[in-house]
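Report on the following structure.
The values are calculated or read from the model by the stated rules, or taken from the named source; none is laboratory data. Note that this is a predicted model, so its numbers are computed, not measured. In this analysis, Cβ positions are derived from the backbone assuming ideal geometry, glycine residues included, and neighbour counts consider all displayed protein chains. Just so you know, the surface numbers come from the protein's heavy atoms only, side chains and all, with ligands and any DNA or RNA stripped out. Shrake-Rupley method; radii C 1.70, N 1.55, O 1.52, S 1.80 Å.
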Amino acid sequence: MNRRALLLLCLPFAPNLAIAQSPPPYRDASRPIPERVRDLLARMTLEEKFWQLFMIPGDLDDSTHDYSHGVFGLQIAAAPGTDTAAGAARAHAERINAIQRYFVERTRLGIPIIPFDEALHGLVRSGATIFPQAIALAATWDTALVGRVAGAIARETGSRGVRQVLSPVINIASDVRWGRVEETYGEDPFLTSRMGDAFIGAFERAGIVATPKHLVANVGEGGRDSYPIDVSARLLAELFLPPFESAVRRARARSVMTAYNSVDGSPATQNRALLRDQLKGAWEFTGFVISDAAATGGATVLHMTEPNTPTAARHAWEAGLDVVFQSSWPQYRPYWEAVRSGMVADSVIDAALARVLRAKFELGLFEHPYVDADSAAFWNGHAAHRALALEAARAGIVLLRNERGALPLSDGLRRVAVIGTDAAEARLGGYSGPGTRRVSILEGVRASLGPAATVRYAPGPGRVVTEVVAVPAEDLSSDSGGGTVPGIRGEYFDNITLAGAPRMVRTDARVDFGWTLNSPGRGIPFDWYSVRWTGRLSVPAGGVRRIGVQGNDGWRLYLDGRLFIDDWKKQSSRRLLADVRLEPGRSYDIRLEFFESTGNARVRLVWDAGVADDWRGAIDSAVAATRQSDAAIVVAGIEEGEFRDRAFLGLPGRQEQLIEEIAATGKPVVVVLIGGSAITMSRWIDRVDAVIDAWYPGEEGGTAVADVLFGRSNPGGRLPITFPLAEGQLPLRYNHKPTGRGDDYLDLTGQPLFPFGFGLSFTTFEYSALRIEPAEMGAAGSAVVRCRVRNTGARAGDEVVQLYVRDVLASVARPVMELKGFRRLHLDPGQEAEVAFTLGPDELRMLDREMRWVVEPGAFRVMVGSSSKDIRLRGELTVR
């Protein structure tokens, strides 16, 4: 914090005399919350009301930011400068306390803030325990375990003073190309609902507002993030909305976050059908709705449905949004303008504000605004939480292939090769803090085998092949006023032909631009301009062999007046490189011309200076390490994340070639996959002995993976998503509706590589004695499905028993099968247990032709098995 803010926070506070003499009703905890809300509302100015509907990341550091009117809440970063988990947590709690004290004791009405943060699989702050990623938690198929994990995260989060988390993600992973699949609980609405409820319930019981997101369907065609959603109301209700309904009606989430995308042509942030009619109407949601960060203005700059941000804000609040979430304090201005000018009716503002104030009273923030920093130091990174992180990591690992019992490996091995950068990196996945002490797979293997074994590590070629980089600013210069300045001179024209005088001239540090939402500068149309960059290019040591441009085509590149690349057309986006010999120490005149006629431009000047692409040597070293070992463990990973969707699902870089050449040695090869989504494997899977998917297994992941590799833990995880054979099969979900003809392609099957619910074990299980009681019932009745499961192998292990249902004959097309129950069992060798599921109206209901939820009479096929493909028992239930 700056000196002024610190001084304010440290001054002794004189209590408001009126409050000291006669506390107003809103400060009386004995009064009913609705009465306290009404009293506080009546005392607030319009500006104070507005700030309770505005949330941002930040603190009190900047003295130009006026927080005297209060604010809904802040995302407050942890204080830097401490190396221990306890120290980081204590400092964070103290920082939040200090900022909370300002709002409670220095603002007119003393309304506390809601400190908020991200906690998808652990609080994203230093000192917090990081558990397996959400998709890995889903792979446990164990709601009780997920509830315990969420409880531990809530304990660490709440101990610091954070009272709202922007988690979990309960969107359906309907296309595994989506970069955010890792954040979800998979492709199935039933599994997602149960996992989401377990997570949300733990936070809400701990007095922390959970915020399931993003309402709704945040992935569109092609697996693209926040793409427009234009699906039928039926599909929306059947597939995408059930987890949100369950979150607010069963788990009692007190907040919901809207999505960036549009739904049926209306931005989700101002979609009346979603927010007012469905969420607050049909589902009777009493909490508050927040936008995604900076999403409210998206109607103006992205969806093009609003003329300006104040109008977009007005329509969002009228549609049912309660709180605007923005990325920084200065962004408040157009939203305040919408309120100040009277564009938003007082009744709309007051209704939104009542929801926010009710939550603050329910949380007890007026009575207990501060936390005990020692408690934060005690719980964050607690040994019990690390032990739970290890348990969850083990439970989520999925065994995908195990030919001839290749796994578990003998812990008597004395020479093992561990290959791949992911073996050493211990990546945690998206929305992660740094963890308290990350255990890599390499460390886990070494600890498991002990000092008597030789573990040879080779990083291999890595996940990313770098061939060119952006030309850096230090190698560019240009003339300005008779002198030379760093950077390159840019002349910007408000036409696409470089005609006339430039509308704007400036010096750019380098050419590396992505003008996605706007134009290069004031007065230039976002979709109609051209640019001429000129300057001098200095060549560093090592020289340059290739130079070029990548981005939207429509460019020409000149060196010393000579045209090297001519791509003066608009067609696509690509990278074009010219072969050159630019000598180190020399400089060259450079001119790059570019035009854009439709917007969404990207342009980047690139070369190969300083790029060392020794992938061949890296693979050779890995092969050599394998030849000197008795077995190889190849740890391979993918790249993904928010706004990092994948067009190709294979292992990136040259990892597939690495696996092939390692396998060619003839040594036993186990592949460990790191990532949060599906991976295609056709090129190499038949050449290796075993494959396990560890997802992003959290900070104890290395130990968990080693425990599975060497048989100390029997993998029992199951896939929460379908793995395709190839991208051309996508989208590919197990619960699709019947095709009108067939599933296959001319050149490929329509079947997956690994089906939903799949996972192997080191032991075997036998299913028997299916009973459905009663076998016939009324539409409002329920039936119990029972079966017996026996461990028929020689090892103790976990089995996930899965119940699927199909409506045999319905008035509208229904899915070929739907998950309606699951249970994870631990059985010793020879042990047998009975499993029971209940099927009632919630499990059997459907939308009829008039879009009414009904249970239609007729037969329902009941299927019990080990995956959506591996059905072991089948029966029939009749509804009268």
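Would you say residue 357 is among the hydrophobic types (A, V, I, L, M, F, W, C), within 30 Å of residue 275 (Cα to Cα) and either touching a residue at least 12 places away in the same chain (Cβ under 8 Å) or buried (at least 18 other Cβ atoms within 10 Å of the Cβ) (or both)? Give the derivation first.
Values: among the hydrophobic types (A, V, I, L, M, F, W, C): yes; within 30 Å of residue 275 (Cα to Cα): yes; either touching a residue at least 12 places away in the same chain (Cβ under 8 Å) or buried (at least 18 other Cβ atoms within 10 Å of the Cβ) (or both): yes.
In short, yes.
For residues that are open to solvent by less than 10 Å² (accessible area, probe 1.4 Å) and charged (D, E, K, R), scanning just the range 133-174, find the one that is nearest to the chain's Cα centre (by Cα).
Selected residue: 156.
For the range 813-828, which residues satisfy the criterion of being assigned to a loop (DSSP other than H, G, I, E, B) and under 34 Å from the mean Cα position of the chain (by Cα)?
813, 814, 815, 816, 817 - these are the residues of the range 813-828 that are assigned to a loop (DSSP other than H, G, I, E, B) and under 34 Å from the mean Cα position of the chain (by Cα).
Those residues that are surrounded by 12 or more Cβ atoms within 10 Å (Cβ to Cβ), over 21 Å from residue 497 (Cβ atoms) and more than 35 Å from the chain's Cα centre (by Cα), I need them from the range 565-581; list them, please.
578, 580
Listed residues 800, 785; which is buried (at least 20 other Cβ atoms within 10 Å of the Cβ) and under 30 Å from residue 405 (Cβ atoms)? Can you show your working first?
On the way: 785 fails: under 30 Å from residue 405 (Cβ atoms).
Criteria check complete, one pass: 800.
Among the residues of the range 856-864, is any open to solvent by less than 40 Å² (accessible area, probe 1.4 Å) and either assigned to a loop (DSSP other than H, G, I, E, B) or under 19 Å from residue 716 (Cα atoms) (or both)?
Looking for residues that are open to solvent by less than 40 Å² (accessible area, probe 1.4 Å) and either assigned to a loop (DSSP other than H, G, I, E, B) or under 19 Å from residue 716 (Cα atoms) (or both), one finds at least one in the range 856-864, hence yes.
Report whether or not residue 489 is among the charged types (D, E, K, R) and closer than 30 Å to residue 657 by Cα. Give the steps one after another, and end with the answer.
Values: among the charged types (D, E, K, R): yes; closer than 30 Å to residue 657 by Cα: no.
No: the conditions fail for residue 489.
Scanning the range 837-855 for residues that are without any contact (Cβ under 8 Å) to a residue 12 or more places away in the chain and in a loop (DSSP other than H, G, I, E, B), which turns out surrounded by the fewest Cβ atoms within 10 Å (Cβ to Cβ)?
The first filter runs over the range 837-855 and keeps only residues without any contact (Cβ under 8 Å) to a residue 12 or more places away in the chain, leaving 842, 845, 850, 852-853.
If we keep only those that are in a loop (DSSP other than H, G, I, E, B) too, we end up with 845, 850, 852.
On the way: 845: 14, 850: 7, 852: 9.
Among those residues, the one meeting the criterion is 850.
Inside the range 480-504, can you point out the residues that are touching a Gly at 6+ places or on another chain (Cβ under 8 Å), over 20 Å from residue 597 (Cα atoms) and open to solvent by 60 Å² or more (accessible area, probe 1.4 Å)?
489
Scanning the range 726-769 for residues that are in contact (Cβ under 8 Å) with a residue 24 or more places away in the chain and of a type in the set (Val, Ile, Thr), which turns out farthest from residue 399 (Cα to Cα)?
Filtering first and then ranking leaves 749.
Where the second residue is among the charged types (D, E, K, R) and open to solvent by 20 Å² or more (accessible area, probe 1.4 Å) and the first is outside any loop (DSSP other than H, G, I, E, B) and lies in the range 213-226, which pairs have Cβ atoms under 6 Å and are six or more apart or on separate chains?
Final answer for the pair search is 223/177; 223/645; 225/645.
When you check residue 713 against the structure, is it small (Gly, Ala, Ser), modelled with pLDDT of 95 or more and more than 30 Å from residue 390 (Cβ to Cβ), yes or no? Step through it out loud before you land on a result.
Values: small (Gly, Ala, Ser): yes; modelled with pLDDT of 95 or more: yes; more than 30 Å from residue 390 (Cβ to Cβ): no.
Spelling it out, it is not the case that residue 713 is small (Gly, Ala, Ser), modelled with pLDDT of 95 or more and more than 30 Å from residue 390 (Cβ to Cβ).
If you go through the range 441-488 one residue at a time, how many are over 34 Å from the mean Cα position of the chain (by Cα) and over 30 Å from residue 416 (Cα atoms)?
15
Would you confirm whether any residue within the range 60-80 is in contact (Cβ under 8 Å) with a residue 24 or more places away in the chain, more than 30 Å from residue 434 (Cβ to Cβ), in contact with a strand residue (DSSP E or B) (Cβ under 8 Å, 6 or more places away or on another chain) and of a type in the set (A, V, I, L, M)?
No, the conditions are met nowhere in the range 60-80.
Check residue 204 against each of (1) closer than 22 Å to residue 274 by Cα; (2) surrounded by fewer than 24 Cβ atoms within 10 Å (Cβ to Cβ); (3) not polar (S, T, N, Q) and name the one condition it does not meet.
That leaves (1) as the condition not met.
Can you tell which of 585, 610, 617, 653 is open to solvent by 10 Å² or more (accessible area, probe 1.4 Å), out of contact with any Asp or Glu (no Cβ under 6 Å at 6 or more places or on another chain) and free of Cβ contacts under 8 Å to residues at least 40 places away in the same chain? Outline the logic, then answer.
Values: 585 fails: free of Cβ contacts under 8 Å to residues at least 40 places away in the same chain; 610 fails: free of Cβ contacts under 8 Å to residues at least 40 places away in the same chain; 653 fails: free of Cβ contacts under 8 Å to residues at least 40 places away in the same chain.
Step by step, each of 585, 610, 617, 653 is checked, and only 617 is open to solvent by 10 Å² or more (accessible area, probe 1.4 Å), out of contact with any Asp or Glu (no Cβ under 6 Å at 6 or more places or on another chain) and free of Cβ contacts under 8 Å to residues at least 40 places away in the same chain.
If you take the residues of the range 270-284 that are touching a residue at least 40 places away in the same chain (Cβ under 8 Å) and assigned to a helix (DSSP H, G or I), which of them is surrounded by the most Cβ atoms within 10 Å (Cβ to Cβ)?
Restricting to residues being touching a residue at least 40 places away in the same chain (Cβ under 8 Å) and assigned to a helix (DSSP H, G or I), the top hit is 270.
Do we have any residue at all in the range 251-269 that's among the polar types (S, T, N, Q), open to solvent by 30 Å² or more (accessible area, probe 1.4 Å) and not in a helix (DSSP H, G or I)?
Within the range 251-269, one or more residues are among the polar types (S, T, N, Q), open to solvent by 30 Å² or more (accessible area, probe 1.4 Å) and not in a helix (DSSP H, G or I).
Being open to solvent by less than 30 Å² (accessible area, probe 1.4 Å), over 30 Å from residue 510 (Cα atoms) and either of a type outside the set (D, E, K, R) or not in a loop (DSSP other than H, G, I, E, B) (or both): is that true of residue 430 here?
No; evaluated as a whole, the condition is false for this residue.
What do you reckon, is residue 239 modelled with pLDDT of 95 or more, over 22 Å from residue 846 (Cβ atoms) and assigned to a helix (DSSP H, G or I)?
It is false that residue 239 is modelled with pLDDT of 95 or more, over 22 Å from residue 846 (Cβ atoms) and assigned to a helix (DSSP H, G or I).
Can you list the strands (runs of 3 or more DSSP E) lying wholly within the range 667-786 that have 3 or more residues being closer than 30 Å to residue 813 by Cα?
By residue number, 765-773.
Of the residues 374, 411, only one is open to solvent by 20 Å² or more (accessible area, probe 1.4 Å), acidic (Asp, Glu) and touching a Phe, Trp or Tyr at 6+ places or on another chain (Cβ under 6 Å); which?
411
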